[in-house]
Amino acid sequence: KDQVFQPSTVASSEGAVVEIFCNHSVSNAYNFFWYLHFPGCAPRLLVKGSKPSQQGRYNMTYERFSSSLLILQVREADAAVYYCAVYRCANAGKSTFGDGTTLTVKP
Amino acid sequence: DSGVTQTPKHLITATGQRVTLRCSPRSGDLSVYWYQQSLDQGLQFLIQYYNGEERAKGNILERFSAQQFPDLHSELNLSSLELGDSALYFCASSPGTSGREETQYFGPGTRLLVL
């Protein structure tokens, strides 16, 4: 069964670098996607790829079965839910989402 | 603005009733996905359609059904509603070309309250 695993919560302090880890059991996985979700708003893509990637303060590491999202210089406003998703492109392309990681940031 | 639209934004109904949620994907996107987000829970994948055909199924109840029409818009039908069906329902779309750029673009969601 295709599954994506990520911690339910991560805590950090303002100004720090926070890492959210994700691993999976998806066969023929191709891409990792990291989405940001403020509850009540539409989730949106932060960074994606099949290799290490960076978008502004967001870095993504890549291994075949795992990825980490690193958020640099964390701010209180970064407190949200972060979803890891893995895309499998073989046959019927399908994305499998993790259950989300809630990031809390102390001032 | 992702380009994905969902209607209605809010829906209040009673237990036992049936409702239809509507989603219009981004222009040119062939895949549509439905997700449910209940209180204090993450995104739960319900179902995916690609160019009018069901492509993948998640934790969708038998009381729920969906379809994608020739113009690519999609509807999620929820019947025999229960209190526990109260949630935020998101629709997302992607190009669906089975290529590498399968970013999903999410709509603003429909908030359903079952009383």
Only one of B:Leu46, B:Leu81, B:Leu39, B:Leu112 that is in contact (Cβ under 8 Å) with a residue 24 or more places away in the chain, closer than 28 Å to A:Ser8 by Cβ and in a loop (DSSP other than H, G, I, E, B) | B:Leu39
Test: residue in segment B:42-51 that is within 14 Å of another protein chain (Cβ to nearest Cβ), exposed (fewer than 15 other Cβ atoms within 10 Å of the Cβ) and over 10 Å from the mean Cα position of the chain (by Cα) = yes
So, of the residues in segment A:3-32 that are within 11 Å of another protein chain (Cβ to nearest Cβ) and at pLDDT below 90, which turns out to be surrounded by the most Cβ atoms within 10 Å (Cβ to Cβ)?
-> A:Asn31
Residues being part of a loop (DSSP other than H, G, I, E, B) and either within 23 Å of B:Phe90 (Cβ to Cβ) or over 13 Å from the mean Cα position of the chain (by Cα) (or both) - total across segment A:51-64 | 4
Residue that is surrounded by the most Cβ atoms within 10 Å (Cβ to Cβ) [pool: residues in segment A:65-90 that are at pLDDT below 90 and assigned to a loop (DSSP other than H, G, I, E, B)] = A:Cys89
Please go through segment A:55-95 and pick out each residue that is within 11 Å of chain B (Cβ to nearest Cβ) and over 16 Å from A:His37 (Cα atoms).
-> A:Val86, A:Tyr87, A:Arg88, A:Cys89, A:Ala90, A:Asn91, A:Ala92, A:Gly93, A:Lys94, A:Ser95
Any chance A:Tyr35 is under 19 Å from B:Gln37 (Cα atoms), crowded, with 22+ Cβ neighbours inside 10 Å and more than 7 Å from chain B (Cβ to nearest Cβ) | yes
Subset of segment B:11-31 (residues that are touching a helix residue (DSSP H, G or I) at 6+ places or on another chain (Cβ under 7 Å) and among the acidic types (Asp, Glu)) | none
When only residues in segment B:67-78 that are in contact (Cβ under 8 Å) with a residue 40 or more places away in the chain and buried (at least 20 other Cβ atoms within 10 Å of the Cβ) count, which is nearest to B:Thr13 (Cα to Cα)?
-> B:Leu78
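The values are calculated or read from the model by the stated rules, or taken from the named source; none is laboratory data. Computed from a predicted structure; not experimentally measured. Ideal geometry is used to build each Cβ from the backbone, glycine not excepted, and the neighbour counts take in all protein chains shown.
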